[in-house]
1. Restricting attention to helices (runs of 4 or more DSSP H) lying wholly within segment A:1-67, give those where 1 or more residues are buried (at least 18 other Cβ atoms within 10 Å of the Cβ).
2. If the requirement is being away from chain B (no Cβ under 12 Å), assigned to a helix (DSSP H, G or I) and modelled with pLDDT of 80 or more, which of these qualifies: A:V86, A:V77?
3. Restricting attention to segment A:105-127, which residues are under 26 Å from B:E460 (Cβ atoms) and more than 10 Å from chain B (Cβ to nearest Cβ)?
4. Would you point out the residue of segment B:356-396, among those that are farther than 23 Å from B:V424 by Cβ and in contact with a Lys or Arg (Cβ under 9 Å, 6 or more places away or on another chain), that is nearest to the other protein chains (Cβ to nearest Cβ)?
5. Under 9 Å between Cβ atoms, which residue pairs at least 6 apart in sequence (or on different chains) link something in segment B:452-463 that is at negative phi and more than 7 Å from chain A (Cβ to nearest Cβ) with a partner that is loosely packed, with under 15 Cβ neighbours inside 10 Å and not in a helix (DSSP H, G or I)?
6. A:E98 - would you say it is within 21 Å of A:Q47 (Cβ to Cβ), within 14 Å of chain B (Cβ to nearest Cβ) and surrounded by fewer than 19 Cβ atoms within 10 Å (Cβ to Cβ)?
7. Kindly indicate whether any position in segment B:112-121 is among the aliphatic types (A, V, I, L, M) and in contact with a helix residue (DSSP H, G or I) (Cβ under 9 Å, 6 or more places away or on another chain).
8. Kindly check whether there is at least one residue in segment B:444-465 that is within 28 Å of B:R374 (Cα to Cα) and surrounded by fewer than 15 Cβ atoms within 10 Å (Cβ to Cβ).
Amino acid sequence: MSAFLIISLLALIFGLILGFAAIKFKVESDPLVEQLDAILPQTQCGQCGYPGCRPYAEAIANGDDINKCPPGGEATVKELADLMGVEPKPLDEDAITEKRVAYIREDECIGCTKCIQACPVDAIIGAAKHMHTVITSECTGCDLCVEPCPVDCIDMLPVEETSRNWRWKFDQSIPVVEIK
Amino acid sequence: MLSIIEKIKKGRLHQFPGGVHPEGRKAISVGSEIISPDLPECLYIPVKQHSGTAGKVMVNIGDYVLKGQPLTESTNTNDLPVHAPTSGHIQAIDNHVGAHPSGLPEPTIALRPDGKEQWIDRTPIDDLSNVSPTKLIRLISEAGISGLGGAGFPTHRKLSSGKAVEFLIINGVECEPYITADDTMMRLYPEQVIRGIQILQYILQPQHTIVAIEDNKPDALSVFQAATKNSDILTVSIPTKYPAGGEKQLIQVLTGREVPSGGLSMDAGVTMFNVGTCYAIEQAIDHGKPLTERIVTITGEGVNHPQNVWALLGTPVYHLINHAEPSKKRSNQMVMGGPMMGFALKSEKTPVVKITNCILVPGEGELNTGEDARECIRCSACADACPAQLLPQQLYWHAKAQEWQKTQDYHLFDCIECGACAYVCPSEIPLVQYYRNAKQEIRSQEEEKLQAEHAKQRFEARNQRLEREKEARLEKQRLASEKRKQAMEANGSDAKDKIAAALARVKAKQQDKPASLEENSASNTSRVADAIARAKAKKLEQQTKTVAEQKDANESSQDPNKARVAAAIARAKAKKQAQAVSSDELSTDNASAIVSTIPSVSPEDEKKARVAAAIAKAKAKKQAQAASSDELSTDNASAIVSTTPSVSPEDEKKARVAAAIAKAKAKKQAQAASSDALSSDAAQSRAKTAPSRSPEDEKKARVAAAIAKAKAKKQAQAASSDESSTDNASAIVSTTSSVSSEDEKKARVAAAIAKAKAKKQGKNADNKPTQGNTQEGSE
């Protein structure tokens, strides 16, 4: 009888501790989604098929493929693979991973504001029937403004190389020389 | 226990780990005097010559500037201005190859000297004690002084850190082979350098001031020891070992302290300046001269007369090399800086900047080009040589594999890029380049992370904004509807009565309708006629409202040419009707009758014809709709057709309005009658006529083109992937382009519209290629 009481008491105590811990250390949201979202490049381009980077992060957490993010490139896929504990996959297609920004040919712009509405990061300024232009430093190169333009005056141009973003380019492989 | 300064005085110095002893080769450029080369033809002054951000350009092309005049102004503490090195005219403000390993163009001010060397008004400071250190720091900043040792850190920022300075160290070590610029400075201008040190002492109030000179410069050492004998400045000879001149290494040699990883020299209680910087400070404070020139060593076997020169900032490198006479042994290499830490120049036009202490022109085979690199044999000679106690071969390993995180685990950012590891490497691997590459990759990745974070914030801010706007819109709608409700309630029974009356009317009508079908033909026709008349009146009313918008169309219809257009449109409409009421054979006959009559009428009285056609169309349509399956009404319609022409000539306006209505209807019908071969034919014919007319009357042509385009568009949408319509679009594009020279704006607008349409069509065609094929067949 006493054994039964002791076991019951212990069960009660541990139950209380667990219940308290569940309330005290409650996790607000899925931390995995936060981590995945931090890896994604935040271009909000929707090329993954989801409306923005966070929805895609949620989808990955729920088991979607990790190779749907062309702007992130192989590096992002690798990081996602590490985090999710799966094998890295090659990117879906031969996507362009070169960094690009939108450029509006301003004399052809008719001021329709369609690109402004499409831009996920408000990087295009302009008003109806006035020429628009892209704030290059804010543009994530997501391509979303190109499609809505009725006069096709938006080009995606590679980011211009300056001495600031220039990198040493030398042949990474060292030729093997046979020593005689 | 002796204090640090006592130890230094006794010559008990410390050692830094590693280090190498490369061949000095300094003797070849040491001379007893400095010769300034002639003024170059043009000076290329990069807007940014220090580590920081560029100032704002203050001059314009063609301006005449005096020597020492600021060309840019600083807008924040990271900025430093650049000054005109001589008087002359601003030739260009453009991109010019920069003094950077990339050789990429950078914003540069090109100055053409006039040879007068006319100075701007200068305001030297006579007595330091009257001036606050803050003002001196500002003057130093305005003189554009950055560290002349190599890193180019803005001097005023070092001075205004606010931390207590234990040691002020003046760096005259100059440990890198070949370079003798600081040596020359110390030998020839000791008073000025010491005066500069005194100004720094006044600003920083250090506990101790030390001038450190490597013992391979005995002349400079003896000059300085003599000059500082009776002052509070201590001149110290330090043993020659590369890279003793590195800031962290020199601090370690003198004080035994190590600058913490990721820290600054100030964390070790030390502030360090190059001797050249001291000279520049003296010039700025005592003479009011901004930094516009510096001593540059031109050396190497590639020149006949290696020497030190006073070079104006912005002097192209080739000018200096020509001054020192290129030798026969000269290779195609040029290095800015020394052989250990300098970088190869991509262009001879690269200008001298504030950090340029040496131009090395090596002869053939003088320098290792790094082309004979072999695999790492893990000999660890680099680890022994590294003054920062890193593991260069591990760093190399991971940098090569692009494992950036691993390189950081091995403290990549503590690497000072001195090149000692590459110097000792038996495999001649260009190790430093790997580290530089890795550092740049990591920095750019961090920058990308920041950008991503920024983009995310903007994206979220936008979503919130959209949400807010949506809520505001809904709220507005809600308020408006409430207002309406209130207004209605306020009017009370009156409004309700009205609604009741309206309902009653509607009911009466509904009852009428079924009955009318069984009624005799006479009453029926009269009702139909009434209805048509009412509808017409309504349309006219609506039309008068939109007349302004349709102006173009109206203008066009006033012309005889337009009549033809209208006729064409009318025909098209008739066809459409035929489709709409296709089940009713009689009405089709009726429509064709209208079509046949119009052409015959038009030559006689164009206006009337147009009007008639339009009205006829409108009516035919109405009838077809209202009295479908009612034979009597068709008879009636033909009657109307015969009567209306007599009415129409009386009112031009109405006619125009009618034409407009007709057009509008045609559009609608075209939409309704989708995938109909007839309609596309009509559109084709219209499109064909449009180009032929354009030379006669531009305005009309444009209008016509616009109409045609509009229709083509509709068709394209309806009969998607119709190839003929694509042709139409291109035809339109060609006609509009001919007009464009006369009226640019309109032309551009038209072109834009045409493009837009072409795009849509293209899209449709892409989407439904199979449909396109079948359509082609049917035509």
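The values are calculated or read from the model by the stated rules, or taken from the named source; none is laboratory data. What you are looking at is a predicted structure, and each value in this text was computed from that prediction instead of being measured. We place every Cβ from the backbone using ideal geometry, glycine too, and count neighbours over all the protein chains shown.
1. On the way: elements: A:2-24, A:31-39, A:53-61.
By residue number, A:31-39, A:53-61.
2. Sole residue among the options that is away from chain B (no Cβ under 12 Å), assigned to a helix (DSSP H, G or I) and modelled with pLDDT of 80 or more: A:V77.
3. Residues satisfying the conditions are A:T113, A:K114, A:C115, A:I116, A:A118, A:I124, A:I125, A:G126, A:A127.
4. Quick first cut of segment B:356-396, residues farther than 23 Å from B:V424 by Cβ only: B:356-357, B:359, B:361, B:363-364.
So of that shortlist, the ones also in contact with a Lys or Arg (Cβ under 9 Å, 6 or more places away or on another chain) come out as B:356-357, B:361, B:363-364.
Numbers: B:T356: 15, B:N357: 19, B:V361: 22, B:G363: 24, B:E364: 21 Å.
Residue satisfying both the conditions and the ranking: B:T356.
5. B:A461/A:D122
6. For A:E98, the condition - within 21 Å of A:Q47 (Cβ to Cβ), within 14 Å of chain B (Cβ to nearest Cβ) and surrounded by fewer than 19 Cβ atoms within 10 Å (Cβ to Cβ) - is met.
7. No, every residue in segment B:112-121 fails to be among the aliphatic types (A, V, I, L, M) and in contact with a helix residue (DSSP H, G or I) (Cβ under 9 Å, 6 or more places away or on another chain).
8. So the first thing to find is which residues in segment B:444-465 are within 28 Å of B:R374 (Cα to Cα), and the list is none.
Taking every residue of segment B:444-465 in turn, none turns out to be within 28 Å of B:R374 (Cα to Cα) and surrounded by fewer than 15 Cβ atoms within 10 Å (Cβ to Cβ).
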